[in-house]
Structure formats: C-alpha cells, structure tokens
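Trainee: Please see the structure below; I have some questions.
The values are calculated or read from the model by the stated rules, or taken from the named source; none is laboratory data. Worth saying up front: this structure is predicted, and the values here are computed from it rather than measured. For neighbour counting, all protein chains shown are included, and Cβ atoms are generated from backbone atoms with ideal geometry for every residue, glycine included.
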C-alpha cells in the first residue's frame, strides 16, 4: 500500500459516487484513503432525495486531525455544496501553509440531474479553491458553468481550458464524455501549464451504468499523484481504470448504476 489520499467530499448512500466511490477507487489502486465528509446525501441510482450539509467547523476538525496524525500525499475534493464549506477547507490549508497536491473535481450536478452545489458556492470555488489545485477535472457541463462558454467541439474544450487556467490550476483535465454521446470514442484532454496537450482516447461504452465516473476518475488521479506518478501518468492509469470499471459494471439499480471498482487493475 502506497500513497495517502485525504478525500474531502460528500457521501452517497447508494454507494456509487461520492466518498464511497472515492474510497473504493483509492483502495483498489493500492493507496490509503482518508476522509473529511462535507455532506450526507440520501440517494440511489434513480436520484438524490435529500442533502444534509456537515457543519463547516466539523469539516475543519476532520481535516486537522487527519493531517496532524496521518498526513497526506494528495488531497481530493468532490461535493462542496455550500460556500462556507469551501471557505472552511481553504482556511485550514492556508493556516497550515499546506503545499500538498490537490485534485479538484468541481461536482455540481448528480448523474440524475439534481443540483449538488449552491449557486453562491460557485464564486468561492473559483476564487479560493481552484487556484490551489494541481489538477482540475471538469466535465463539459461543469466547464461551461465555470467559463460561461458553450462547449461543443474539442477546439472549444481547448479554449475553455485556457480560460480555466486563468483561475490558477496547474493542470486541467477536460473530460469529453458529454461530447458526441452517440459516438464510439471518448476523448479526454489534459492541459498542463507549460506542456503540450495530451489526448486520452478510449472506447465509449453505451450503458446507463456510469454513476460515479467523475468521482472515481478524480480519486484515481489523486491516488496516482500520491504514489509519485506524474500528472500525465496518473491520468492515463485513471482513464484505463474507469473504462474497465464501466465495462464490468454489475448492473445494479433501476437508474444510473454504479461501476465495478474492484476489477483487476495493474497498480
């Protein structure tokens, strides 16, 4: 076991996304996962029926006690539904002068369509958290919200990444799953400051069992970084891991089903 990842995110009672997916992904990639839970959700494969936010001071306490004792090689953020949550996280990182790499997954909308971020939290995300990120991992709808532009082509994704760089991340992974949803290839694009763009292409698996793909991808990347991999290598392994997890999904639930996080993977 190698690589300590502190995951700061919300819980999914259905087990397919959120903290549950994060823990599974990091563990199955031979990392050590720790958590600071930001919200509890009541949800299943059909959607979210309720959200209970964790008080900001308790989120901070979870972070402090973990970092004080266990430490972390990478941080990963997921569902941060309230501005107070984002400010609380950033306050802890700033008071400790932390320089731990961080993967920021800007979770905004659940697979079933429910909003997972208050509008007021968006500005806090852009102004305080994203500037601290090593890797920002938006899908197309999230990138559209963050940039205010319509994204319909790979060229649009490149322009959006340039806009997102102005917010301060060191790297942006533009996930292309929402583009050309009838096509047979999914292309993700990694943009790093001062480096050439890198394309990750893989087969599109036409299935409704894709709940938690964003959470899983971001946590898999964070695990790779925690284990000493370059961003490019961490993204490449994470992409392979997620594709196989979708391909071998167990088929649970009547809606957007979970992935198979426990498939055999090279670590």
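Trainee: With 84, 42, 72 as the choices, which residue is assigned to a helix (DSSP H, G or I) and either in contact with a strand residue (DSSP E or B) (Cβ under 7 Å, 6 or more places away or on another chain) or at negative phi (or both)?
Mentor: Among 84, 42, 72, only 84 is assigned to a helix (DSSP H, G or I) and either in contact with a strand residue (DSSP E or B) (Cβ under 7 Å, 6 or more places away or on another chain) or at negative phi (or both).
Trainee: Here is a follow-up. Which residue, of 196, 201, is loosely packed, with under 14 Cβ neighbours inside 10 Å and assigned to a strand (DSSP E or B)? Give the steps one after another, and end with the answer.
Mentor: Values: 196 fails: assigned to a strand (DSSP E or B).
Among 196, 201, only 201 is loosely packed, with under 14 Cβ neighbours inside 10 Å and assigned to a strand (DSSP E or B).
Trainee: Let me ask something else. With 66, 92 as the choices, which residue is modelled with pLDDT of 95 or more, assigned to a helix (DSSP H, G or I) and either surrounded by fewer than 17 Cβ atoms within 10 Å (Cβ to Cβ) or in contact with a strand residue (DSSP E or B) (Cβ under 7 Å, 6 or more places away or on another chain) (or both)?
Mentor: None of the others qualify; the one that does is 66.
Trainee: Considering only segment 147-162, state which residues are surrounded by fewer than 21 Cβ atoms within 10 Å (Cβ to Cβ) and at negative phi.
Mentor: Correct list: 147, 149, 150, 152, 153, 154, 155, 156, 158, 159, 162.
Trainee: Also: Do the conditions hold for residue 218, that is, is it farther than 19 Å from residue 134 by Cα, surrounded by 17 or more Cβ atoms within 10 Å (Cβ to Cβ), out of contact with any helix residue (DSSP H, G or I) (no Cβ under 6 Å at 6 or more places or on another chain) and modelled with pLDDT of 95 or more?
Mentor: No; evaluated as a whole, the condition is false for this residue.
Trainee: Let me ask something else. Name the residues in segment 39-51 that are closer than 20 Å to residue 66 by Cα and surrounded by 19 or more Cβ atoms within 10 Å (Cβ to Cβ), would you?
Mentor: Once the filter is applied, which keeps residues that are closer than 20 Å to residue 66 by Cα and surrounded by 19 or more Cβ atoms within 10 Å (Cβ to Cβ), segment 39-51 yields only 39.
Trainee: Can you confirm whether residue 36 is in contact with a strand residue (DSSP E or B) (Cβ under 6 Å, 6 or more places away or on another chain), surrounded by 24 or more Cβ atoms within 10 Å (Cβ to Cβ) and over 23 Å from residue 119 (Cβ atoms)?
Mentor: Numbers: in contact with a strand residue (DSSP E or B) (Cβ under 6 Å, 6 or more places away or on another chain): yes; surrounded by 24 or more Cβ atoms within 10 Å (Cβ to Cβ): yes; over 23 Å from residue 119 (Cβ atoms): yes.
Taking the combined requirement at face value, the residue satisfies it.
Trainee: Right, another one. When you go through (1) surrounded by 21 or more Cβ atoms within 10 Å (Cβ to Cβ); (2) out of contact with any helix residue (DSSP H, G or I) (no Cβ under 9 Å at 6 or more places or on another chain) one by one for residue 226, which number turns out not to apply?
Mentor: All conditions are met except number (2).
Trainee: Applying the selection to segment 149-172, what residues are closer than 21 Å to residue 129 by Cβ, outside any loop (DSSP other than H, G, I, E, B) and in contact with a strand residue (DSSP E or B) (Cβ under 6 Å, 6 or more places away or on another chain)?
Mentor: Matches in segment 149-172: 161, 164, 171, 172.
Trainee: Right, another one. Does residue 109 satisfy the condition of being modelled with pLDDT of 95 or more and farther than 21 Å from residue 234 by Cβ?
Mentor: So residue 109 fails the test.
Trainee: Would you mind finding the one in 98, 127, 123 that is more than 16 Å from the chain's Cα centre (by Cα) and modelled with pLDDT of 95 or more?
Mentor: Only one candidate qualifies: 127.
Trainee: Further question: Tell me which residues, restricted to segment 217-262, are over 16 Å from residue 206 (Cα atoms), without any contact (Cβ under 8 Å) to a residue 24 or more places away in the chain and outside any helix (DSSP H, G or I).
Mentor: 229, 230 - these are the residues of segment 217-262 that are over 16 Å from residue 206 (Cα atoms), without any contact (Cβ under 8 Å) to a residue 24 or more places away in the chain and outside any helix (DSSP H, G or I).
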